[in-house]
Amino acid sequence: DAKTTQPPSMDCAEGRAANLPCNHSTISGNEYVYWYRQIHSQGPQYIIHGLKNNETNEMASLIITEDRKSSTLILPHATLRDTAVYYCIVRVARQETSGSRLTFGEGTQLTVNP
Amino acid sequence: NAGVMQNPRHLVRRRGQEARLRCSPMKGHSHVYWYRQLPEEGLKFMVYLQKENIIDESGMPKERFSAEFPKEGPSILRIQQVVRGDSAAYFCASSPLPQGQGASPLHFGNGTRLTVT
């Protein structure tokens, strides 16, 4: 699975958009970009994933650059409850021996301030 | 539409006792993954199971730890003769049977916090 690089921490004002970057310059053509977050003391929560095209759901938007070497997770109107560690993970859809297994890095600690 | 259910939420064991952690995957999911998160550390993969089969146990400690996912009932992570270093949060995740080559996100439970005294 391709390695990802994320800033260790970011701050955002409540009500503003939070833009979380992720670099994955060694990504392969068949690897997806997944985003998860972990709010303190809870299990990781799936946010969104994409392959090539930008994606949007009720939680967030995912913008993937044309060369696919980086992506940005956008929380359009951050709230205090969005304070969490955000993980960007790159991997193929599924492998016979590892299924949909994910490898978590250090992630970005996003703090939303009032 | 219940999510991944883990129980108990908190478990306290004395050194040398056994710990059993249970995980019921989401309805329709036949793949289960266990992860461990030590205090102030990241999530580490332990084992991947399908019904009645262990597919990948590359992250499991070689001794004292075992996992199963029987045909009926929840997946069980079993830790024998617990030591203080086993104190951690243990998370279970599930995914459905893959449809074609599409991505199947993992869905996580809220974990079992094991404390060994």
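Using a Gaussian network model of chain A whose springs link C-alpha atoms within less than 10 Å, name the residue from A:Thr72, A:Thr83, A:Thr26 with the highest mean-square fluctuation.
Greatest mean-square fluctuation among the candidates belongs to A:Thr26.
Once every Cα of the range B:1-44 carries one equal point scatterer and solvent is ignored, give the base-10 log of I(q)/I(0) from the Debye formula at q = 0.17, 0.21, 0.34 Å⁻¹, two decimals.
Log10 of I(q)/I(0), two decimals: -0.67, -0.92, -1.18.
Cysteines of chain A lacking any other cysteine beta carbon under 4.7 Å?
Taking the Cβ cut-off of 4.7 Å, the unpaired cysteines of chain A are A:Cys12.
Give the Rg (one decimal place) followed by the Dmax (whole number) of chain A, computed from C-alpha coordinates and expressed in Å.
Radius of gyration, then largest Cα-Cα span, for chain A: 13.6, 46 Å.
What accessible area, in Å² to the nearest ten, does a 1.4 Å probe give for B:Ser95?
Near enough 0 Å² of accessible area.
Averaging over every viewing direction, what projected area does the convex hull of the Cα atoms of the range B:1-76 cover, in nm²?
For the range B:1-76, averaging the hull's shadow over all directions gives 6.0 nm².
Cross-chain or 8 or more residues apart, Cα under 18 Å: how many lysine pairs in the protein assembly as shown fit that? Count them up, please.
The number of close lysine pairs in the protein assembly as shown is 8.
How many percent of DSSP beta bridges within the protein assembly as shown run antiparallel, rounded to 5?
Approximately 90 percent, going by the DSSP bridge assignments.
What are the semi-axes of the equivalent ellipsoid for the protein assembly as shown, taken as the square roots of 5 times the Cα gyration tensor eigenvalues, largest first, in whole Å?
One finds semi-axes of 30, 21, 15 Å for the protein assembly as shown.
Within 10 Å of each Cβ of B:49-62, how many other protein chain Cβ atoms are there on average?
Across the residues of B:49-62, the mean count of other-chain Cβ atoms within 10 Å is 1.
The values are calculated or read from the model by the stated rules, or taken from the named source; none is laboratory data. If you're wondering where the values come from, they're calculated on a predicted model, not measured in any experiment. Cβ: placed from backbone, ideal geometry, glycine included. Neighbour counts: every protein chain shown. Ligands, DNA and RNA are excluded from the accessible area calculation, which covers all protein heavy atoms including side chains. Shrake-Rupley method; radii C 1.70, N 1.55, O 1.52, S 1.80 Å.
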